[in-house]
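Okay, structure first, notes after.
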């Protein structure tokens with residue numbers, strides 16, 4: 001029997017076509033193939049799924065989702081199943097990033113409402129669970145695409161430095177930890193006597 005991870009990894013998440021020109025084409029050589037001229041064209045990423053991964057983590061770390069548009073004609077897929085994302089190491093300075101796929105999977109397990117007991121009992125199907133995980137993944141990425149598009153609309157050079165996306169995610173993690181610390185302090189305060 002196929003595992004949950006294997007079933008999820010065979011899928012290809014959807015994204016809204018409207019982000020093609022405003023986000024995907026800005027950062028990726030999506031649909032053009034890998035070449036040694038990638039940097040000459042000013043692209044940061046080769047495959048489109050690389051910016052999808054960034055968008056997913058932006059949505060995840062903000063803990064914000066945005067449902068995709070219902071119209072199927074206004075959605076796209078990158079044409080490559082998740083299991084193949086980052087498998088090729090032929091880009092200079094890049095190595096395979098299979099761990100990222102596992103981190104995405106773990107995050108989806110943690111953040112998707114799944115009844116694992118019902119799955120184990122056969123009351124729900126593996127397909128149903130994977131569909132829920134894919135929906136959550138697409139919604140996180142959709143929020144991330146919207147976030148990136150908004151940042152670029154306000155400052156077209158916002159992400160054009162060597163560490164822009166790393167800085168973005170690091171800032172989100174720091175903000176998240178600060179919020180958690182503030183919440184922990186609130187829990188530790190004694191009850192008011194008034």
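The set of residues from region 120-130 being free of Cβ contacts under 8 Å to residues at least 12 places away in the same chain and at negative phi comprises 120, 121, 123, 124, 125, 128.
Among the residues of region 150-167, is there at least one that is farther than 20 Å from residue 25 by Cα and in a helix (DSSP H, G or I)? Before the answer, list the steps.
Taking region 150-167 as the starting set, the residues that turn out to be farther than 20 Å from residue 25 by Cα are 167.
From what is left, the residues that are in a helix (DSSP H, G or I) are 167.
Yes, region 150-167 contains a residue that is farther than 20 Å from residue 25 by Cα and in a helix (DSSP H, G or I).
Just one of (1) at pLDDT 85 or above; (2) under 19 Å from residue 26 (Cα atoms); (3) surrounded by 12 or more Cβ atoms within 10 Å (Cβ to Cβ) fails for residue 114. It is (2). Got at least one residue in region 131-140 being surrounded by fewer than 12 Cβ atoms within 10 Å (Cβ to Cβ), farther than 18 Å from residue 62 by Cα, out of contact with any helix residue (DSSP H, G or I) (no Cβ under 6 Å at 6 or more places or on another chain) and touching a residue at least 12 places away in the same chain (Cβ under 8 Å)? The answer is no, given that none of the residues of region 131-140 is surrounded by fewer than 12 Cβ atoms within 10 Å (Cβ to Cβ), farther than 18 Å from residue 62 by Cα, out of contact with any helix residue (DSSP H, G or I) (no Cβ under 6 Å at 6 or more places or on another chain) and touching a residue at least 12 places away in the same chain (Cβ under 8 Å). Candidates are the residues of region 17-28 that are under 19 Å from residue 85 (Cβ atoms) and in contact with a helix residue (DSSP H, G or I) (Cβ under 7 Å, 6 or more places away or on another chain); the one that is modelled with the lowest pLDDT is 28.
If you go through region 154-175 and pick out every residue that is in contact with a helix residue (DSSP H, G or I) (Cβ under 9 Å, 6 or more places away or on another chain) and more than 20 Å from residue 45 (Cα to Cα), you end up with 3.
Looking only at region 50-98, which residues are closer than 24 Å to residue 174 by Cβ, modelled with pLDDT under 90 and out of contact with any strand residue (DSSP E or B) (no Cβ under 7 Å at 6 or more places or on another chain)? The one that is closer than 24 Å to residue 174 by Cβ, modelled with pLDDT under 90 and out of contact with any strand residue (DSSP E or B) (no Cβ under 7 Å at 6 or more places or on another chain): 97.
The values are calculated or read from the model by the stated rules, or taken from the named source; none is laboratory data. Every value quoted in this text rests on a predicted model; they were computed, and no experiment measured them. Neighbour counts are summed over all protein chains in view; Cβ atoms, including those assigned to glycine, are modelled from backbone coordinates with ideal geometry.
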